[in-house]
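Structure first, commentary second.
The values are calculated or read from the model by the stated rules, or taken from the named source; none is laboratory data. Quick caveat, the model's predicted, so the values are computed rather than measured. Cβ sites come from the backbone with ideal geometry, for glycine too, and all protein chains shown count toward neighbours. These accessible areas exclude ligands, DNA and RNA; they are computed on the full protein's heavy atoms, side chains included. Shrake-Rupley method; radii C 1.70, N 1.55, O 1.52, S 1.80 Å.
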Amino acid sequence: LDGHTAGHYLTALAQTVAITGEKKVVDRLNYMIDELKKCQDAAGDGFLGGTPGSKKLWNDLPNANFNTSDGLKGTWVPWYNLHKTFAGLRDAWLLTNNTKAKQMFFSLCDWCNNLTSKLSDTQMQRMLATEQGGMNEVLADAYAISGDPKYLALAKRFSHRALLDPLIQ
């Protein structure tokens, strides 16, 4: 699960700052955000993640044949991996008022929106049958925080109907 630990780490730092306000931890959080911002800027499109082969994975996603036997394009839980990055940025912003984390969070949300807008609803549901990683939760948070309906629409697209429809019934 390369890459997801950075998101967990951001959340842990943000929670520690919120509880203790310790300057060393604030400095560590700011350092992490600054370094991750360099990575996001280098991607050039809002992406920020550490899934091995992610550039190819995400570039090829619109053409994918989603097969539940081999995960998402042969990778294991890339949406879970990204969900932790989204959540870490969200937490750094909400718990410590780190405005750079806020900007990075919404840039990543917009990247996700742009990427998945290339998928039909059928493709989205096939993809979610392989793995969804909690993305609807963090994207619903983006809507709740910003009020921008595009994030609610995106969160709904990440709702796996095969799982949720029977629960509704």
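In the context of the full set of protein chains, the chain has a per residue accessible area of 51 Å² (1.4 Å probe).
Using C-alpha pairs under 8 Å with a sequence gap of at least 6, the mean separation divided by the residue count of the range 85-169 gives a relative contact order of 24 percent. Taking the Cα atoms only, what angle lies between the long axis of helix 135-146 and the longest principal axis of the chain, rounded to 10 degrees? Orientation of helix 135-146: about 50 degrees from the principal axis.
Pairs with C-alpha atoms separated by more than 25 Å, drawn from the list K56/K100; K38/K118; K118/K150; K37/K156; K55/K102; K84/K156, are K56/K100; K38/K118; K37/K156.
Sorted into 10 angstrom bins from 0, the C-alpha pair distances of the range 83-128 split as 28, 39, 24, 9 percent. Compute, for the chain, the length of the dipole vector about the Cα centre, with Cβ point charges of +1 (Lys, Arg) and -1 (Asp, Glu) only. Units Debye, rounded to 20. Here the chain has a charge dipole of around 120 debye. A simple rule links phi to the HN-Hα coupling: the Karplus curve 6.51 cos²θ - 1.76 cosθ + 1.60 with θ = phi - 60°, which for the range 119-125 gives 9, 6, 4, 5, 4, 4, 5 Hz, with x for Gly and Pro. Each Cα pair under 8 Å and six or more residues apart adds its sequence gap; the mean of these over the residue count of the chain is a relative contact order of 26 percent. Per atom type, the range 43-169 shows carbon and sulfur on 51% of its accessible surface, probed at 1.4 Å. Ranking A12, L89, I168 by how far each Cα lies toward the positive end of the dipole of the chain (charges on Cβ) leaves L89 at the top. What angle do you read, to the nearest 10 degrees and between 0 and 90, between the alpha-carbon axis of helix 99-116 and the longest principal axis of the chain? The helix 99-116 is inclined about 10 degrees to the chain.
Descending by average beta-carbon neighbour count within 10 Å, the peptides 130-139, 33-42 line up as 130-139, 33-42, the highest first.
Label separation (A43 vs S120): 2.7 nm, computed from points 7 Å beyond Cα along the C-beta direction. Put simply, when 150-157, 114-121, 79-86, 24-31 are sorted by average Cβ atoms within 10 angstrom per residue, most first, you get 79-86, 150-157, 24-31, 114-121. Computed over all pairs of different Cα atoms, the Kirkwood value for the hydrodynamic radius of the range 1-148 is 15.7 Å. The helix-based estimate of mean residue ellipticity at 222 nm for the chain, built from -39,500 (n - 2.57) per DSSP H run of four or more residues and divided by its residue count, is -23000 deg cm²/dmol to the nearest 500.
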